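Here's the structure we're looking at; comments come further down.
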Amino acid sequence: MLVSIRLQTAEAVSRERSTLSKTLLAALLLPIAGCAAVESPDWRTLRPVSDFGVLVLDVYGDLFWWTAGIFVVVELLLIYALVRYRSRSGDSEVPDQVHGFTALEIGWTLLPAAILFFIAIPTVRTIFLLQGAPPDRDPLEITVIGHQWWWEFRYPELGIVTANELHVPVGRTASLTLTSADVIHSFWVPQIGGKRDLNPGSENRLWFTPTEPGVYHGQCAELCGTSHANMRMRLFVDDSASFAQWSAAMRATAAPDSAGVMTFLISGCAACHTIAGTPAQGKVGPDLTSVGSRTTLASSMIPNTPEMMAAWLRSPDSVKPGALMPDLNLDEQRIADLVEFLEGLR
Amino acid sequence: MDAHATTFGVPSRKMAMWVFIASECMFFGSLIATYLSYEGKSLVGPTPREILNIPLTSVSTFVLLMSSLAMVLALEAVQTGNRRGARMWLGAVVVLGGLFLAGQVYEFREFYHEGLTLQQNLFGATFFVLTGFHGAHVTVGVIWMVTLLVMSLRGQLGPERSLDVEVAGLYWHFVDVVWIVIFTVVYLIQ
Amino acid sequence: MAEHPTHETAHAGAHASKGTYWLIALVLGILTLLEVAVFYVPLLHSVIVPILLVLSSAKFALVAMFFMHLKFDKPILTTLFAGGLVVATAIILSMMLLFGTIGPGAHM
Amino acid sequence: MSAHATAAHPPLYAGGLRSWLTTVDHKRIGVLYGVSALFYFVVGGVEALIIRLQLASPTADVVGADTFNQLFTMHGTTMVFLVLMPLSAALFNYMIPLMIGARDVAFPRLNAFSFWTFFFGSVLLNLSFFVGDPPDAGWFGYANLTSKQYNPGMGIDFWLLSVQIMGIASIASAVNFTVTILNMRAPGMSLMRVPLFVWMALVVQVLMLLAFPPITVAFIFLMFDRFFGTHFYIPSAGGTPILWQHLFWIFGHPEVYILILPSFGVVSEVLPTFARKPLFGAPFMIFSGILIGFLGFGVWSHHMFTTGLGAVADTAFSLATMLIAIPTGVKIFNWIATLWGGHIRFRTPLYFAVGMVGLFIIGGLSGIMHASPPVDIQQHDSYFVVAHLHYVFFGGTVFGLFAGIYYWWPKVTGRMIGEGLGKLHFWLMVVGMNLTFFPMHFLGLDGMPRRIYTYATDLGWERWNMIATVGAFLIAVSVLVFFVNAARSLASKTQAPADPWDAATLEWTVSSPPPEYNFAVVPTVNSARPFWLHKYGPTRDISTRTKAQGTPAQPDNPPTRIDLPSPSSWPILAALGLALLGGGALVGLWMVLFGAAVLVFCVYRWAFQPLERTGHPTFGPAPSGGSS
């Protein structure tokens, strides 16, 4: 019996090398092939620039190799069974009617349990690490408030309020308090680490210590309405010197030229926006105190250039669909004045 | 499809009612879970302690418990072919169920006058939705009982149809046990 | 939603007698009275929750076992009911834990 | 048994539209479910294609932001409630009574009511397209984005009312099938002899029973918030949108198993048939299915690891989630062991079943990653999760259900379906599916969030997005091939044999399609594989024995007549009343009251209408099998 099976298999292999088994193999290994096609992936979540991201990546690494191993073993077993036990044409024999093998089944119940044990340990340890106290005893406290569809960043100890561009110094733990002004949003800078939701009516916390200066892309990760896709941000990890410089500049409220303030006030902008040191104290939209110093506009959608600023003022909705900033029907002269004024706020 | 042909020897309709009751456990479980999760989280009054009328509700609870007694006696009467008893006890279930509902309507009106509405606070919302859906179940039960009573009065409710009464009874008793839980966790444990 | 109302006959198993029903009703009434009494005795306020839970569980069980005939009926019916009941109870407890109604940090 | 296979009987699907509207036959209702589901499969697929076109390149402008949000909301809602659930229901309806040796379900008219309620609910959902305001808050509809303040249009109302109506259909159908499976089995079919597919169906019914009430309650709260101004999910009044997340996922996670277990069941029927062996370790398979269902209720918060529930809750839900991997692993190993040592015949159903095993593993393994909160918080709401869930629902459920469709196609239609086109369908679908969904892992790892209608050019996401879009169109082609194959099969004249696959379960003992009464003589079952036992005798030492030509296992002891339930108009009218009651909330109170009146009236007429009426044809004794 055994011999005959061996003969069959040998025959099958030499005769056909069946296109079927080949294609089957190719199809099921497609994902692996896909992986292999990508040389040394440099995807953002795999290139962390904070202690938080590194902790997360460590657990991911563990899990990846366990699951990849299981994947390869199981798929190979499946393909082997298919190729080895394929019926030849005209074969009307009935195979042995095996109903089960209890010891084996108990075995492959316990095996995954054992593997899970190895996955569970780093998981639980990291959960408590990440949700425990920040490693730095004097972290930089920042409050992040989600809005449809922009980010508000407040530095209570520095007296800074800004939007959409978050600056943190390298090497010092940033401790974020997260909440929302309207619907649920989610704070996510992939290279920093995992996300944490911004829930209206309650506060969440998240800390990380950036390790590499640079500018990193971040984005809201919880569906929050029309322009969810456009709720982006930039995280600037500055070296200590430039962070000090930035925060000093932010705190220095340059007396803005009064003509510009006047245009800003009579155009209706002040109903929603604050500019420190002026009567404009609106709380609905982003704080514009030093908007001229930002690199981007409209929750990091467009570069901060006079042309783009003008386009944004002309028709907010066509830049960011659903934008809550109304189209004020400003004439070109007023737009030019406002652009000049706002770009001057540094 | 009679009892002898079924696998478990239980009439399918009776089993279906039990299956439905299991599902209802989750329905009321979710409502109760929400009530308890939001307990004490209202931003403004009135609070349960200020407003819940324990003497009134104790009487209501007693009325509903006694309706369950009437229900089993009605079933017993139908099974033994006691038509007079069936009418009397089904009538009693209808009256007691109606009394319970009347008590609830009175209670809701009182609360409304004391400033507790659906919109007032979380207590109002969770309380009215939980007890309101229970009341809706009682209402359906009362309509069902009236139907059975009319059938009985027309002489259509002989012993051969006692399963109709038994299944309706299971529903009625379940509505009663739900109230046992609500009375305890909403009214007595504040 | 009664299906085929004419064809089934009740499975008249060994139900309790009328006397038992009256007795159960009496016990239910007394338990309710006890519950309300516990509510009004200030001395018992520290242990009111466990007492009330025990009393109402007893009422629940009596109605289910006798009025709903689970004690005399096929075990499959009890199994079905218990399935829903257990999952529902577990969910209520988990939600209370998650929302801080009970457990660490609760006010009760 | 097979003696009646060729007996004359009235054609199952004859009769005009009215006979379809009033049918209470489980087979016809199964067909109605199947046709509706396949129709919505096309609708949901077109929605997906538009989504993929929009994402194929950065800053594309195929549809606007709002339309995109509506499309993925409708795609998700459609695929979950209008495709995968009813497609499973189609197989349940058609096959369960046949597989357990029953003539119909326990409550045939309730069954019709379930279908029509589902159907009207699905129509109501899609009506939102015609009033130009489809829902746009995602199929998960997280509060408080669904509140009146942030979503003032009617879309959310359409969504919440129609899903609630379909939920009632699901609960009604779950009650019906739980009782059918438990209580309507043929003599001798103990629970351990119930076919795996039926077992998984039973677990699914219980999950529906227990999972739909919480979502109903969540919807009731949302309805009260939107219609009556309560504050269940409104933070300014002390409520929390997180309550919605809990209630939704208490439903939502069991729902995942509601969607995948039917497919597990199909594969557990198909693999043994084509390997010509019994299912390896059937009791383990049954218990692991039950365990998956049970554990499914204890893990809902693993969808909420970014919500901020705290380290203790995260740990508890993480560990509970990991436990589910154990019974799932058991299933996969047992399937492979079923193939092991068999004589595997490579027919189309086997292709899809094997494809399901091979692809589901990928979704299962990425699921294990998500069980670990530190990993999950990176992957949550990113395209990695989109990849994961499509490997589970497309690789797992869709492939499994297609295995079932090909497997039972001859039984249902009485026609064989083309092997060549079937295999082409399979290969196109495998390649298309991997091309579409595998790159999404990479996109997720590169930080692409889900549910975004556009992305900037400088993020480097366009290559994999373009590949995914190409894959999606390949899937569309494969589905087209399926429809061509189906049409050719239906047009062909060759009658399918009763038992084309040499299978082991009861449905293959009757003709294809089965007679209206299913079994002329209700079989007596003495094995988990009654038909196999009948064909091959006791299974010990079977390897040398060749197939014995069919002799009836049953003593010919026919009943005098077979009473079948009569068609009834009341279930469909009651379902219409329910839909008017629910949908009426969008029109006005008068419509709600009108719907309620219709519902109550129809329920009364239904309750007092005898199930079997005189004058309806009954069937005489077998083997003549003709109508009398």
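The values are calculated or read from the model by the stated rules, or taken from the named source; none is laboratory data. Please read all numbers here as calculations on a predicted model, not as lab measurements. All Cβ positions, glycine included, derive from the backbone under ideal geometry; neighbour counts span all protein chains shown. Note: accessible area is taken over every heavy atom of the protein model, side chains too, but ligands, DNA and RNA are not part of it. Shrake-Rupley method; radii C 1.70, N 1.55, O 1.52, S 1.80 Å.
Selection among D:GLN164, D:VAL203, D:PRO514 by position relative to the dipole of chain D gives D:PRO514 as farthest towards the positive end (Cβ unit charges, Cα centre). Residues in chain D average 29 Å² of solvent-accessible surface per residue, probe 1.4 Å, ligands and nucleic acids excluded. Residue by residue, the stretch D:73-88 carries 3J(HN,Hα) couplings of 5, 6, 4, x, 4, 4, 5, 6, 8, 10, 10, 5, 5, x, 5, 4 Hz when phi is fed to the Karplus relation 6.51 cos²θ - 1.76 cosθ + 1.60 (θ = phi - 60°); x denotes Gly or Pro. Ligands, DNA and RNA left out, the 1.4 Å accessible surface of the protein assembly as shown is 67% carbon and sulfur atoms. If one takes the accessible area of chain D alone plus chain C alone and subtracts that of the pair, with a 1.4 Å probe, what total in Å², rounded to the nearest 100, results? Heavy-atom accessible area buried at this interface is about 1700 Å². Translational diffusion of the stretch B:3-188, estimated by Stokes-Einstein from the Kirkwood radius over alpha carbon pairs at 10 °C in a medium of 1.306 mPa s, is 90 µm² per second. Once both labels are positioned 7 Å from their Cα atoms along Cα-to-Cβ, the gap between D:VAL312 and D:ALA14 label points is 7.0 nm. Taking A:ILE127, A:ILE145, A:ILE192 in turn, the Gaussian network model of chain A (Cα-Cα springs below 10 Å) assigns the largest fluctuation to A:ILE127. A Cβ-based charge dipole, computed about the Cα centre of the protein assembly as shown with Lys and Arg at +1 and Asp and Glu at -1, lands at about 3940 debye.
Restricting the trypsin sites (Lys or Arg not before Pro) of the stretch A:56-161 to loop positions (DSSP other than H, G, I, E, B) with no more than 13 neighbouring Cβ atoms within 10 Å leaves A:ARG88, A:ARG137. Summarising the amide proton neighbourhood of A:ARG196: residues at separation of 5 or more, or on other chains, whose placed amide H is nearer than 5 Å comprise A:PHE187. Here's how it looks for D:VAL105: its modeled amide H is under 5 Å from those of D:HIS26, which are all 5 or more places away or on a different chain. Once you order the gyration tensor axes a ≥ b ≥ c over the Cα atoms, which shape class does the stretch A:115-155 get: rounded for a/c under 1.5, otherwise prolate or oblate by comparing a/b with b/c? Cα axes put the stretch A:115-155 in the oblate bin. Computed over Cα pairs, the Kirkwood radius of the stretch D:328-428 leads via Stokes-Einstein (1.306 mPa s, 10 °C) to a diffusion coefficient of 106 µm² per second. Within the stretch B:85-134, all pairs of alpha-carbon atoms sorted by distance into 10 Å bins from zero give the percentages 24, 40, 20, 13, 3.
When the other protein chains are added to the chain by itself, burial of at least 30 square angstrom of heavy-atom accessible area (probe 1.4 Å, ligands and nucleic acids ignored) affects these residues of the stretch D:335-362: D:ILE336, D:LEU339, D:TRP340, D:GLY341, D:HIS343, D:ILE344, D:PHE346, D:VAL354, D:GLY358, D:ILE361, D:ILE362. Entry note: the stretch A:258-343 has Rg to Rh equal to 0.91, where both radii use alpha-carbon atoms and Rh is the Kirkwood radius. Using 1/(1 + (r/R0)^6) with R0 = 56 angstrom and r between the beta carbons of D:LEU533 and B:VAL140, what's the FRET efficiency to the nearest 0.05? The formula returns an efficiency of 0.70 here.
Between A:THR123, A:THR102, A:THR253, the Gaussian network model of chain A with springs among Cα atoms under 10 angstrom shows the greatest mean-square fluctuation at A:THR102.
Shape class of the stretch C:17-70 from the Cα gyration tensor (axes a ≥ b ≥ c, square roots of the eigenvalues): oblate, since a/c reaches 1.5 or more and a/b does not exceed b/c.
Directionally averaged projected area (the stretch A:140-251, Cα convex hull): 6.1 nm². For q values of 0.09 Å⁻¹, compute log₁₀ I(q)/I(0) with the Debye formula on a Cα-only model of the stretch A:57-177, without solvent. The Cα Debye sum returns log10 ratios of -0.58.
Positive-end ranking of D:PHE601, B:SER37, A:TRP151 along the dipole of the protein assembly as shown, with charges on Cβ about the Cα centre, is headed by D:PHE601. For the protein assembly as shown, the share of DSSP beta bridges that are antiparallel, to the nearest 5, is 70%.
For chain A, the share of DSSP beta bridges that are antiparallel, to the nearest 5, is 70%.
Entry note, chain D: relative contact order of 20 percent, from Cα contacts under 8 Å with a spacing of 6+ residues. For the set B:HIS137, D:HIS26, the ranking by accessible area, highest first and with no ligand, DNA or RNA atoms included, is B:HIS137, D:HIS26 under a 1.4 Å probe. The charge dipole of the stretch A:140-251, taken about the Cα centre with unit charges on the Cβ atoms of Lys, Arg (+1) and Asp, Glu (-1), comes to about 60 debye, rounded to the nearest 20. In terms of overall dimensions, chain D has a Cα radius of gyration and Dmax of 24.5, 78 angstrom.
Applied to the stretch D:503-519, the Karplus parametrisation 6.51 cos²θ - 1.76 cosθ + 1.60 on θ = phi - 60° returns per-residue 3J(HN,Hα) values of 8, 10, 9, 5, 4, 7, 7, 9, 5, 10, x, x, x, 4, 8, 6, 10 Hz, with x for Gly and Pro.
Quick check on the stretch D:157-313: take the gyration tensor over C-alpha atoms, sort the square-rooted eigenvalues as a ≥ b ≥ c, and tell me if it's rounded (a/c under 1.5), prolate or oblate. Prolate, since a/c reaches 1.5 and a/b exceeds b/c.
Using a simple spin-label model with pseudo-atoms 7 Å out from Cα toward Cβ, B:GLU160 and A:ASP138 lie 9.3 nm apart. Taking every alpha-carbon pair under 8 Å whose residues sit at least 6 apart, chain A reaches a relative contact order of 14 percent. Each residue of the stretch D:467-480 was assigned a 3J(HN,Hα) from its phi angle through the Karplus curve 6.51 cos²θ - 1.76 cosθ + 1.60 (θ = phi - 60°); the sequence is 4, 4, 5, 4, x, 4, 6, 5, 4, 4, 4, 4, 5, 4 Hz, with glycine and proline shown as x. Per the accessible-area calculation with a 1.4 Å probe, the total area buried between chain B and chain C rounds to 4900 Å². Given Cα pairs under 8 Å that are at least 6 residues apart, what percent is the relative contact order of the stretch D:406-538? Averaging sequence separation for qualifying contacts and normalising by length gives 36 percent for the stretch D:406-538. Between A and D, buried accessible area from a 1.4 angstrom probe totals roughly 8500 Å², ignoring ligands, DNA and RNA. Between the stretch A:174-215 and the stretch C:30-77, the C-alpha centres lie 48 angstrom from each other.
Principal-axis analysis of the Cα atoms of chain D puts helix D:311-339 at an angle of about 30° to the longest axis. For the stretch D:453-509, trypsin sites (Lys or Arg not before Pro) meeting the loop criterion (DSSP other than H, G, I, E, B) and having at most 13 other Cβ atoms within 10 Å: D:LYS493. Distances between placed amide hydrogens fall under 5 Å for A:LEU140 paired with A:THR173, A:ALA174, A:SER175, all partners being 5 or more residues away or on another chain.
The alpha carbon convex hull volume per residue for the protein assembly as shown rounds to 181 Å³.
All Cα-Cα distances of the stretch D:485-538, cut into 10 Å bins from zero to the largest, leave 22, 44, 25, 10, 0 percent in each bin in turn. In the elastic network of chain A, a GNM with C-alpha springs shorter than 10 Å, the most mobile of A:SER50, A:SER180, A:SER240 is A:SER240.
Averaging Cα coordinates gives a centre for the stretch D:458-488 and one for the stretch D:282-309; these two points are 32 Å apart.
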